[in-house]
Amino acid sequence: MINKRELELLQRALNQLAEGFSDLPDFSPVIDESAIASVLSEVAERMQDNYPYFHPQYAGQMLKPPHPVARIAYAMSLWINPNNHALDGGRASSAMEKECIVDLGAVFGWDNLLGHLTGGGTMANLEALWVAERLHPGKRIIASAQAHYTHSRISEVLGIEFSSVPVTRDGCMDIAALEDLLQQGDVGTVVVTMGNTGLGAVDPLPAILKLREQYDFRIHADAAYGGYFALANGIADQTSQAFAALTNVESIVIDPHKHGLQPYGCGCILFRDASVGSLYKHGSPYTYFSSAELHLGEISLECSRPGASAVALWATQRLLPLVRNGEFSAELDECLAAARNFHARLNASELFTPLMPPELDIVVYAPNAPTTTASSERSREIFMKAADANLHLALIELPVSLTHFWLPDIERNSESITCLRSVLMKPEHNYWAERIVRLLEECAV
Ligand SMILES: *Cc1c(COP(=O)(O)O)cnc(C)c1O
């Protein structure tokens, strides 16, 4: 779990950081080492009560370990503890954040964009929908039935009417159903999910862009989980076209703390048209003293934000540039391969049936059983038995209307079914897929 070399790298970087402040009169806060050590020992004990997210046998929720360079850069910047709200709070880290945004925008073919980091995808989506409402006041926001649950809640917070659009059996937004809603004339914004959290299905953006030629609405792309796959080579043609079309949407949310190898607390909102920045105008009298340059707090709903997040992301993008055919994109391709490999092995299994082939790196599967209630029961049993065997999975509740096509041999005797779900977001999962399926089968007999 711990590579001691990382601590040496941190020490070296910290020494160099300290050199920059060596002209100050000597000042070192006193620490009570033994008291701190005793509390830390308690903390270390308590933190053992966690799933091993860093290990390939954690194949459950959407959790990916941060890259060592992110972890080290984040830790190092805590000795400064910059606040990216204003330049007064973090000059270097604000500059690094702006550079990160330029590179993230370039992934989608944008320049002259406006954007910033946020506490996470939810805050980033909140900003996108807040801007959407100000530009289409009084109009509805719609997203697919498999969109992230926070869109309806954010709409509630913002006082905007929200409706959901049914999905096809692949888990993507149903275009015919979308058009029916658009015909009602009161839709202001369509949230297009580029990889939904449950199934990893990508909404058909090119078809939605076509509808925009006929109906007047804004498109916000929630690419919190899937956005980085715009750099991958191994996605199917149709999905690849959807990612290529992102250049034409109005705003994009991408979460560096999902597939971007960052510690938690790092989401990102990007707006193609920088003029939306004027919507953020506020009258805070005390924040901006240091320069006429843009303070990130002037284009953000959040006030204080960790500069450390920007430093960690900058370091990661420096080491692993956001380009096609680079080391970073190769790792994403490995995750795609892992999901396909896992899906194929489950397909060959007598004991499980997988749902749709993975569009990205999420696989959902059901234990074979006579009925949907029996299969749900088996899912919960296997989930627990696997955890005892140090294999960590996730569960997902899905409407049977969505799953029955994929599970023709399981008789429907309930409205919904509990399936097993694995997000294979570590490149190592490709190598481990065989072992994971073997363990699963051992737990299922
Ligand atoms: C994770 C996720 C969110 C929410 O982001 P947080 O960073 O957890 O706040 C929103 N949309 C999608 C598609 C997600 O996968």
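Given only helices, namely DSSP H runs of n ≥ 4 each adding -39500 (n - 2.57), what is the per-residue ellipticity at 222 nm of the chain, to the nearest 500 deg cm²/dmol?
For the chain, the value works out to -12500 deg cm²/dmol.
Taking K and R as +1 and D and E as -1, what net charge do the other residues with C-beta under 14 Å from the C-beta of Arg71 add up to? List each step's numbers first, then the result.
On the way: positive: Lys4, Arg5, Lys64; negative: Glu6, Glu8.
Local charge sum for Arg71: +1.
Straight-line reach only, C-alpha to C-alpha below 24 angstrom: list the lysines that Lys98 could link to, leaving out same-chain residues fewer than 8 apart.
Lys258, Lys281
Around Lys385, under 11 Å between beta carbons, what's the net of Lys plus Arg minus Asp minus Glu among the other residues?
Working: positive: Arg378, Arg380; negative: Glu381, Asp388, Glu442.
Spelling it out: positives minus negatives among the neighbours equals -1.
Suppose a student asked you for the relative contact order of the chain, using Cα pairs under 8 Å spaced at least 6 residues apart; what percent would you report? Numbers along the way, then the final one.
On the way: 824 pairs, mean separation 90.3, N = 445.
Relative contact order for the chain comes out at 20 percent.
When only DSSP loop residues count, what chymotrypsin sites (Phe, Trp or Tyr not before Pro) in the stretch 106-187 have their Cβ near at most 13 other Cβ atoms within 10 Å?
Details: sites: Phe108, Trp110, Trp130, Tyr149, Phe162; in loops: Phe108, Trp110, Tyr149.
Filter output for the stretch 106-187: Tyr149.
For the stretch 91-319, what's the radius of gyration and Dmax over Cα atoms, in angstrom?
17.1, 55
Counting heavy atoms of the protein chains only and a 1.4 Å probe, report the per residue accessible area for the chain as a whole number of Å². Display every interim value, and only then the final one.
On the way: 21080 Å² over 445 residues.
Each residue of the chain exposes 47 Å² on average to a 1.4 Å probe.
Net charge within 12 Å of His136 by Cβ-Cβ distance, Lys/Arg positive one each and Asp/Glu negative one each, not counting His136 itself?
Details: positive: Arg134, Lys139, Arg140, Arg218; negative: Glu133, Glu161, Asp186, Asp216, Glu250.
The answer is -1.
How big is the stretch 1-139 on each of its three principal axes, counting only the C-alpha atoms and giving the largest first in Å?
On the principal axes, the stretch 1-139 reaches 60, 48, 28 Å in Cα extent.
Mind checking which aspartates and glutamates have their C-alpha under 12 Å from Lys426, skipping anything on the same chain fewer than 8 residues away?
Here the aspartates and glutamates satisfying the reach criterion relative to Lys426 are Glu331, Asp333, Glu334, Asp361.
If you keep only loop residues by DSSP, which GluC sites (Glu not before Pro) in the stretch 348-445 have at most 16 other Cβ atoms within 10 Å of their Cβ? List each step's numbers first, then the result.
Values: sites: Glu350, Glu359, Glu377, Glu381, Glu397, Glu411, Glu415, Glu428, Glu434, Glu441, Glu442; in loops: Glu350, Glu359, Glu415, Glu428.
When the GluC sites (Glu not before Pro) of the stretch 348-445 are filtered for loop state and at most 16 Cβ neighbours within 10 Å, Glu350, Glu415, Glu428 remain.
Which of the GluC sites (Glu not before Pro) across the stretch 169-273 are loop residues per DSSP, with 13 or fewer other Cβ within 10 Å?
Sparse-neighbourhood loop GluC sites (Glu not before Pro): Glu213.
From the gyration tensor of the Cα coordinates in the stretch 173-216, what semi-axes in whole Å does the equivalent ellipsoid have, largest first, with each one equal to sqrt(5λ)? Before the final figure, lay out each step's value.
Values: eigenvalues 80, 22, 16 Å².
Output for the stretch 173-216: semi-axes of 20, 10, 9 Å.
Would you be so kind as to identify which of Ala387, Leu319, Ser275 lies farthest towards the positive end of the dipole of the chain, taking Lys and Arg as +1 and Asp and Glu as -1 on Cβ and the Cα centre as origin?
In the chain, that residue is Leu319.
Give me the Kirkwood hydrodynamic radius of the stretch 366-445, using the inverse of the mean 1/r over all pairs of distinct Cα atoms, in Å to one decimal.
On the way: mean 1/r = 0.0759 Å⁻¹.
Kirkwood radius, the stretch 366-445: 13.2 Å.
What is the ratio of the Cα radius of gyration of the chain to 2.2 N^0.38 Å, where N is its residue count, to two decimals?
Details: Rg = 23.3 Å, N = 445, 2.2 N^0.38 = 22.3 Å.
My calculation over the Cα atoms of the chain gives 1.04.
The values are calculated or read from the model by the stated rules, or taken from the named source; none is laboratory data. What you see is a predicted model, and the numbers here were worked out from it, not measured in a lab. Positions of Cβ are generated from backbone atoms using ideal geometry, with glycine treated the same way; all protein chains shown enter the neighbour counts. Ligands, DNA and RNA are stripped out before the accessible areas are found, and what is left, the full protein with its side chains, is counted by its heavy atoms. Shrake-Rupley method; radii C 1.70, N 1.55, O 1.52, S 1.80 Å.
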